[in-house]
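Every read-out reported here was derived from the displayed coordinates using simple, explicitly stated rules and does not represent laboratory data. Everything numeric here is computed off the predicted structure, so don't read it as measured data. Neighbour counts are summed over all protein chains in view; Cβ atoms, including those assigned to glycine, are modelled from backbone coordinates with ideal geometry.
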Amino acid sequence: MRKNVKKQLALRVLSTAALVAMVSSIATAAFAAEYNVKDGSVEIVAKDGVQSITQWADKDEGTYVTDDKGAIKDREDSDITLTTKNKDTGETETTHNTVTITAEEKGDTANVTLKDVDIEVNTTEAKSGAIEIKGDGNTNLELNGDNTVLVKNGWEEEHAAIEKADKYGTGTLTIKDDKNDDGTAKDKDENGNAAGGDTGKLLAGGYHESAAIGGGAGEDLGDTSNITITGGKITAIGGNDGGCGIGGGGRPGGTGKNICIKGNAHVTAAGAEGAAIGGGASGGNSITITDHAVVDAYGAWGSAIGDGGLYSGNGSATTITISGNATVKAETVQSGSAIGDGGLYSGNGSATTITISGNATVKAETVQSGSAIGAGQHGDSGDLTINIEENANVTAIGSFDAPAIGNRYGTDGTTTINITGGTVNAINSFGSDDPEYSYLHDGTRDHSPAIGAKIYKDEYYDGATCNVNINSSTGDTVVNAYIYGKGSGTAIGSMICTDTYNDITQRYDSVYQNVPADSANYKEDGSSHFGERNSAIVNCYNNGTVKKKELDLPSTMDPLAPGYHEYRHTITGGTLTKVVHNRKYMEEHPEEIVDITKLEDEDLHDWKLVGEVVQPTLEKEGYADYICSIDKCGQTKHVVLPKLTPEPSEPDVPGDNTPNTPNKPDTPKQPDGTTPAPVTPDAPVQDSTAPADTPAADTTVTAQNVAQNAEPEAAAASTAAPAAAAALPQTGANWLAVVGTALSGLFLLAAGFVLDRKNRRMN
């Protein structure tokens with residue numbers, strides 16, 4: 001008994017020990033250490049694969065913040081979380097302390113999480129931004145909770161809220177939202193980007209000439225590069241005098257290069273005199289928006305996405321690419337383009353390329369003198385290329401006397417617009433709700449096209465070149481081009497303005513000439529320029545209008561920073577004036593076609609006769625007028641029928657009394673153009689009813705015949721099966737033989753029964 005008790009006790013001990021060992025062997029979840037910035041300013045350094053943190057109680061006195069582990073000085077921590085939330089009250093408190101993150105060399109990476117941080121800094125006093133990003137290595141900022149980072153200044157020491165100046169290093173800053181607020185990893189979408197779960201938020205605000213995220217002002221702090229945003233909900237509002245929302249700062253410099261917004265990021269950005277996203281006092285280069293990113297960008301004087309610059313627009317947005325499933329709204333008031341070039345006093349940009357592709361949705365609009373997509377108020381004197389491809393959906397609304405898509409003031413260089421797929425809606429102007437100034441905005445002073453360029457020629461300028469190419473090489477193409485109100489410009493093409501100085505009036509006389517784009521018209525043979533790979537159609541409208549809405553933005557520490565935008569337009573109305581289409585479009589829209597079988601390969605219309613055919617005579621030509629029957633097309637064609645040529649008559653032969661043989665009439669043609677088989681007059685008329693056992697042959701090939709004649713063998717087998725099952729086989733047997741056989745069988749059974757009983761008795 002005792003042995004059993006001891007044995008059971010031993011087993012229990014061993015089990016408990018095993019359980020303890022198993023539990024202790026399980027790796028515990030790695031939770032990042034949390035540091036409250038309200039306790040003191042923070043410096044984080046990543047070097048040689050090691051990340052450490054120092055937190056100052058008083059940097060001037062050289063004292064450090066302490067916790068249960070001692071002084072926080074060069075403490076190694078691979079994943080640091082910063083907060084300003086009070087543990088006791090649960091409230092996020094505001095601090096004036098700063099954060100500096102340095103990834104020293106290429107290959108070094110700093111990993112920092114912002115979790116419910118509220119930092120508001122006077123940069124003149126702090127002599128730095130609220131959060132400084134430095135070094136040639138990479139910095140990852142994870143967003144958890146709700147974060148606010150704002151700055152103000154006395155127009156001295158103008159640092160950005162989250163400052164990343166090339167002066168201090170050109171590593172990559174990545175702002176992401178890969179984790180939930182509890183630190184667990186989020187699910188991934190089809191592109192491998194974090195999706196769903198808790199949304200980390202960030203409000204960043206610059207001041208005066210400083211950006212919200214990017215460059216500052218003065219001391220060569222304006223230039224920034226290599227900023228990537230992959231997740232979170234981010235609102236970035238630049239200062240009122242040249243600071244970007246995301247990008248460069250104010251004078252001097254202020255470029256913004258290699259800015260990428262992707263993943264599932266949702267970004268709202270605003271700038272005044274600097275771009276919302278891109279350049280501050282100067283240009284923005286290599287801006288990419290892709291994946292499922294959502295971007296709302298609002299600019300003033302500078303572009304919404306691209307160049308900034310109140311005084312300098314010389315740095316162009318070299319490339320702006322919007323692709324994937326991105327959704328973009330870009331709006332600018334005063335001078336700049338919504339997407340492309342900026343600059344109030346100078347628009348001398350070098351080559352600029354804007355590409356919108358994939359399934360991207362873009363809505364771009366400007367107010368006062370800039371193109372929605374393309375050049376700003378003073379145009380682009382360099383080469384401007386705009387590509388809209390694949391399945392992109394673009395709505396563009398230009399401003400006063402400016403194209404929606406293209407170049408407002410072309411003096412040199414070449415503007416090239418390639419629309420090879422997608423849906424494009426473009427109108428060349430905007431409306432005014434103020435009756436006092438309505439005459440300025442009713443379109444009467446508009447000469448610019450909806451898509452194309454306004455080109456200037458005078459004694460100083462030879463004029464730029466504009467090429468508009470519309471086809472269907474990358475996808476189905478639909479273009480709707482509107483002329484606003486009473487505007488006189490061509491919907492698609494160029495308006496050439498030639499200024500000549502008048503010595504008598506001592507003024508320049510302007511002559512305007514509309515030059516429609518070849519691709520928006522038919523060729524001389526009636527064919528289009530669209531190609532046949534996909535369907536394509538262009539609709540041109542007059543008297544288009546727009547609607548206006550207002551948008552409020554959150555306030556920052558800069559009272560003059562952008563706080564609202566008045567214009568968010570929708571194109572309405574319009575009178576259709578011209579339709580250009582290709583054959584494939586007609587084939588894919590049979591509801592608009594009366595009889596597509598009548599179309600020839602080289603003919604892209606369904607021509608219907610108008611009135612009577614005027615037959616030609618020996619003296620006069622005849623003619624026939626046609627109109628395309630496709631809904632809203634209205635294209636016409638005048639066909640001349642040449643004069644008849646008299647046939648020479650044969651002289652009469654003396655003594656020949658044989659009457660003249662009448663001329664044989666021309667054989668009529670079938671509707672399909674073939675000649676019918678000749679009919680012998682003396683042949684007897686055949687009975688149209690064939691004998692029952694001889695079915696009439698139908699040689700007409702139709703879709704119904706094909707369906708009825710499919711798999712004849714299988715059909716025959718299925719028909720014969722029920723008949724075979726219902727019929728019995730015929731053997732030819734006699735009924736007397738059957739009865740005799742039955743009686744013999746009964747006799748044998750009786751005899752067998754008797755013999756069996758006898759054998760039993762003997763046994």
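Worth a mention:
- Shown for K115, K584, K69: other C-beta atoms within 10 Å of each C-beta, ranked fewest to most, produce the order K69, K584, K115.
- For region 233-274, the Cα-based Rg and Dmax, in that order, read 10.9, 34 Å.
- Sorted fewest first by neighbouring Cβ atoms within 10 angstrom, E209, E43, E157 come out as E43, E157, E209.
- Here r is the Cβ-Cβ distance between E587 and N467 and R0 is 35 Å; the resulting FRET efficiency, rounded to 0.05, is 0.75.
- Taking the fewest neighbouring Cβ atoms within 10 Å as the starting point, the ordered list for C628, C497 is C497, C628.
- Legend: distances between Cα atoms for K47/K201; K47/K73; K47/K127; K176/K257; pairs beyond 21 Å are K47/K201; K47/K127.
- In terms of its C-alpha gyration tensor, region 186-343 has a prolate overall shape, because the principal axis ratio a/c (a ≥ b ≥ c, square roots of the eigenvalues) is not below 1.5 and a/b outweighs b/c.
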